[in-house]
Structures are given as structure tokens and as C-alpha cells.
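Quick notes on the structure that follows.
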Amino acid sequence: MSKKRTTMFFCQECGFETTKWLGRCPGCGVWNSMVEEPVHKESSSAKSGGLALGLSSGQAAMPIGEVEVLEAPRFSTGSEELDRVLGYGLLPGSLSIIVGDPGVGKSSLTLKICANIAKDYGSVLYVTGEESPQQVKMRADRLGAIQDKLYILSETNLDIIRQQAEKLNPTLLVIDSIQTVFNPGIQSAPGSISQVRECAVQLLKLAKTKTIATMLIGHVLKDGTLAGPRALEHIVDTVLYFEGERNAQYRVLRAVKNRFGSTNEIGLFEMRNEGLIDVPDASKIFLSERPLDVPGSVVIPTMEGTRPLLVEIQALVSSSPFTPPRRTSDSVDIKRIQLLLAVLEKRVGIMIGGSDVFVKVAGGIKVDEPAVDLALIVALASSYRNSNAGSDTVVIGEVGLAGEVRAVAQVEPRIREAERMGFRRVILPKGNMKGLSLKPNVELIGVETVIECLDIALS
């Protein structure tokens, strides 16, 4: 008779389960992330079943047309940038998680949000498992986040947190951070995949049954010592990722999952002594230090959800002493750059393959939409030929393998943003010239091929 297993191996990044230790997780590909943890006969999340979502386990199936939808009004966080990313406000009963590297500004941002909501909407409970109330108070003084209805609880025991939340019934509940919270009914240590999953499910149940907007804070560590928030992505309603180095001036907040809004929106924040501050005019910030009439510099109007942003793409092409030559980019997918280099060689005749190529987007923002192709082509050719692309020109377009320039989506808001920022010329796909409803005060030049675009841009 086989003996029942009492332990399993769990990936601390994605939650993959296996009966034996593996050096590399088959689920997410991370090395040395498997940790042995006890297996429980029946966790509280399994017992609750549908109760985790606030539903009755005996509820009968019903036609979808008969489901009653209760419209709950959203409330503002006091930050226009965050409201945009969330879908224009927080929804009561929602469960969100904000993740990022330590020191990126997660706690500072959420503490200011707590103060704003406590001022305008009602009581807020801020639960800290990493700091004392005195430390939180010192940060709140620095941020100007002191409000009478903002309550601080330094606790990691999930049972106590739930009791306090049910007693106070706050408008917003913040857990900083989810990796420090533990359920006494589970034997594994705080931060383990079992603890993080179980605590998240119980907090989801609390949010849905009490209609409390709940925000979790999670750290992203590559060494696997703490359970990665990717194991929670299927549980929570919204996943927000902070992008940007901790020593950088600007931070980008991006929604990678949002059940109540778009997943393409971003929020831009500036780190100051008083915490993270909204940056309403992102295009102006990204172009404020742009050098004029420099080879390899091209401006592209990219779309982040419904928001057009003007960003500067910089390319540097130089002779290489190495074989193979280097290809480096921290803002654009390196595979896209390799593809465009091949198009330049095959369709234009620019033999650039033996040179080192470095590409970056000023400001640290990452761009991955096809509309950036043509601007990259122009930047690479401009640096290779040591010819300026024109400081008053923006370039839009997708490039095909045959060297053709294809139409892109949402071209009109891109043109309006370029006009607002004072540019005089827009090079765009000829297919986008048809059906334009606006009459901008900028020159629109439609092109069909990469060769035609380079003749115009670098003339």
C-alpha cells in the first residue's frame, strides 16, 4: 500500500507543483525556485469553494440574462495617473496587487492613496507587516498623509487582520506586504507559496463579502526566497507592475491584468522627497532633454492604451571589433531590432550586419507596438549614415519583411499629440492617409516603402 505524501515541491515564482525537486521550474523556467512544503488535506480555500468569491455553495445554475448586476460607483484614489491605470478609479469589493522591486515606491504611493481616500470617502486600514506604526507615521509626515480616518495596524497574523477589518469595515484595506502575512492554520513559513495563496484567497473572500476595496503589495525577487506574485495573478482582479530602476527619477505603473478596465494603460510618476508625484504631461517630460539635429535620434508617437506619448528613440551604430557584433537594447525587443536590420540589408542595401547596434528609448519606457518599426528603421539608418532625421519630424509605421510600410491603428490621436508638442512634419503610412477626419497644422507625408521613407527623412 502506497504511503500518502505529506510534502510537495512548489515553485516560489509561479506556483508550479511537483512531487520531486527540479533544478528548473517547467512552468516559468526559473532556476532553483523549488521549495518543499507540507501538503494539507483540505485548505480553507478548498473548503470555501465558491465562498471565496462570496457565493453560496448551494446556488443553482441560472440563465445569464436573469443575473442581477449591481452597479457599484468607483471612487478616486486622488491620483489621476493611478485612476487611469485602474480603469478610472477603484471599485468597491475589488482585489488588486501592486508589485515591483524593493524601493521602487510602492509603499509611498499606497500610503498617499490611503490618505486621499480617508479624506474623501471614509475609514482606511493600512496593515504593515514590515514596519512599526512609528515608521509608517514618520513616512506619512514626510508625504503629508496624516488623516484622522487612516488607521495603522502592524500585524502579520491573517486572523487578526480579518477581525480588525470586519470590525472597522473600511472603504479601503491595504496589505503591505502579502509575503509577510501568514495563516496560523498552515504550517509553512510566511512568504511560501502555500501561505501567499491561502492568504490571498481569504482576503479575496473578505473583499467580496464585505465590499471592501483591497490592495496588496508584493515584492519581486529573482532568488526565489519569497513567493512571486505571479502565483496570485489568477486570484486577484487587477495586477499592477512598477517599472523603473530604484535610482531613476521616473516610474511607470502598468496594468498587466485588469478585470474592470484596459490592460494597456500606464501611469507615469516622478520620485521626489514628498513621494511619487503624478506626471500629467508625459510627452513633455520625455522630450525635455532631447538633443536636436543629432544622427540616430527619432521621435515616435506611441500609444499606451488611450494615451498617446511622444518618446525619443536613439540608435547608435558603430564598427565592431567583435564577432559576432553586439546587439543591445533595454527598451525594445531585440528580436524586432534584428528583423529590422535584416530588412535594411536586404531591401535597402545598407550593410549594417557587421556593426555593433545599441538602441534605447529616452526616459526608460518600453515600447513594443508595431508602429515603432519605421522610426527604428530611420534611427538605425540615420546613425549608420551619420545623417540627421530632422528635429521637427515624427515617424509612424509598421514595416513588413518586403520593405513595405503598413498602416497602424489610432493614427489620429498620434498626429494630434505631435501637433500639440510643436512638430511640423509627420511621416506615416500612405494607408493611413485615407479617411483622416482631422485637418492638422502639420505636414502629413504618406510613404509606401522603407526606401521612400529614408529618402524623405534623411534628405
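Structural remarks
- Within the range 301-337, restricting attention to residues that are among the β-branched types (V, I, T) and in a helix (DSSP H, G or I), the residue that is least open to solvent (accessible area, probe 1.4 Å) is I337.
- In the range 126-146, the residues that are without any contact (Cβ under 8 Å) to a residue 24 or more places away in the chain form Cβ pairs under 6 Å with partners that are part of a strand (DSSP E or B), at six or more places apart or across chains, as follows: S132/S154; P133/I152; P133/S154.
- Residues that are out of contact with any strand residue (DSSP E or B) (no Cβ under 6 Å at 6 or more places or on another chain) and open to solvent by 10 Å² or more (accessible area, probe 1.4 Å) were ranked within the range 180-197; the one that is nearest to C114 (Cα to Cα) is T180.
- Scanning the range 359-396 for residues that are assigned to a loop (DSSP other than H, G, I, E, B) and within 24 Å of the chain's Cα centre (by Cα) yields a count of 9.
- All positions within the range 162-197 that are touching a Pro at 6+ places or on another chain (Cβ under 7 Å) and in a loop (DSSP other than H, G, I, E, B): V181, Q187, S188
- Among the residues of the range 91-102, those identified as farther than 15 Å from L203 by Cβ and part of a strand (DSSP E or B) are V99, G100.
- Filtered residues of the range 143-161 (kept if in a loop (DSSP other than H, G, I, E, B) and in contact with a helix residue (DSSP H, G or I) (Cβ under 7 Å, 6 or more places away or on another chain)): A145, I146, Q147, K149, E155, T156
- Criterion (surrounded by fewer than 18 Cβ atoms within 10 Å (Cβ to Cβ) and over 23 Å from V294 (Cα atoms)) met by exactly one of E448, E443, E452: E448
- Scan of the range 198-214 for residues that are assigned to a loop (DSSP other than H, G, I, E, B) and open to solvent by less than 10 Å² (accessible area, probe 1.4 Å), ordered by number: I212
- Yes/no for I117 being part of a helix (DSSP H, G or I), β-branched (V, I, T) and within 17 Å of T214 (Cα to Cα): yes
- Residue pairs whose Cβ atoms lie under 7 Å apart, sitting 6 or more positions apart in sequence or on different chains, and linking a residue in the range 293-305 that is closer than 13 Å to A409 by Cβ and among the polar types (S, T, N, Q) to a partner that is open to solvent by 10 Å² or more (accessible area, probe 1.4 Å) and part of a loop (DSSP other than H, G, I, E, B), are T302/E369.
- Verdict on E130 being over 17 Å from L90 (Cβ atoms) and either assigned to a strand (DSSP E or B) or more than 28 Å from the chain's Cα centre (by Cα) (or both): no
- Considering residues of the range 82-121 that are over 24 Å from the mean Cα position of the chain (by Cα) and open to solvent by 10 Å² or more (accessible area, probe 1.4 Å) only, the residue nearest to E233 (Cα to Cα): Y121
- Filter result (aliphatic (A, V, I, L, M) and at pLDDT 85 or above) within the range 230-251: I235, V236, V239, L240
- Filter result for S355 (among the hydroxyl-bearing types (S, T, Y), closer than 21 Å to V399 by Cβ, at pLDDT below 95 and under 31 Å from the mean Cα position of the chain (by Cα)): no
- K137 vs. criteria closer than 30 Å to P73 by Cα and at pLDDT 90 or above: no
- From L153, L172, residue being at pLDDT 95 or above and either farther than 21 Å from L111 by Cβ or open to solvent by less than 10 Å² (accessible area, probe 1.4 Å) (or both): L172
- Looking only at residues of the range 428-437 that are surrounded by 12 or more Cβ atoms within 10 Å (Cβ to Cβ) and touching a residue at least 24 places away in the same chain (Cβ under 8 Å), we find that the one that is nearest to P301 (Cα to Cα) is L428.
This table checks each residue for (1) surrounded by 24 or more Cβ atoms within 10 Å (Cβ to Cβ); (2) in contact with a Leu (Cβ under 8 Å, 6 or more places away or on another chain); (3) of a type in the set (D, E); (4) closer than 18 Å to S283 by Cβ.
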position	(1), (2), (3), (4)
L339	no, yes, no, no
G349	no, no, no, no
V357	yes, yes, no, no
G364	no, no, no, yes
P370	no, no, no, no
L376	yes, yes, no, no
L380	yes, yes, no, no
S383	yes, yes, no, no
N386	no, no, no, no
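- Scanning the range 404-418 for residues that are without any contact (Cβ under 8 Å) to a residue 40 or more places away in the chain and buried (at least 17 other Cβ atoms within 10 Å of the Cβ) turns up R406, A407, V408, V411.
- Residues of the range 424-450 that are at pLDDT below 95 and in a loop (DSSP other than H, G, I, E, B): R424, M433, K434, G435, L436, S437, L438, K439, P440, N441, V442.
- Number of positions in the range 261-300 that are part of a loop (DSSP other than H, G, I, E, B) and small (G, A, S): 4
- Residue list for the range 264-300, filter: open to solvent by 60 Å² or more (accessible area, probe 1.4 Å) and among the hydroxyl-bearing types (S, T, Y): S288
- Taking first residues from the range 317-345 that are within 17 Å of G296 (Cα to Cα) and of a type in the set (D, E, K, R) and partners that are in a helix (DSSP H, G or I) and open to solvent by less than 40 Å² (accessible area, probe 1.4 Å), the Cβ contacts under 7 Å between residues at least 6 apart in sequence or on separate chains come to R327/I337.
The values are calculated or read from the model by the stated rules, or taken from the named source; none is laboratory data. In this text the structure is predicted, and so the values were computed from the model without any measurement. Positions of Cβ are backbone-derived with ideal geometry, glycine not excepted, and every protein chain shown enters the neighbour counts. Note: accessible area is taken over every heavy atom of the protein model, side chains too, but ligands, DNA and RNA are not part of it. Shrake-Rupley method; radii C 1.70, N 1.55, O 1.52, S 1.80 Å.
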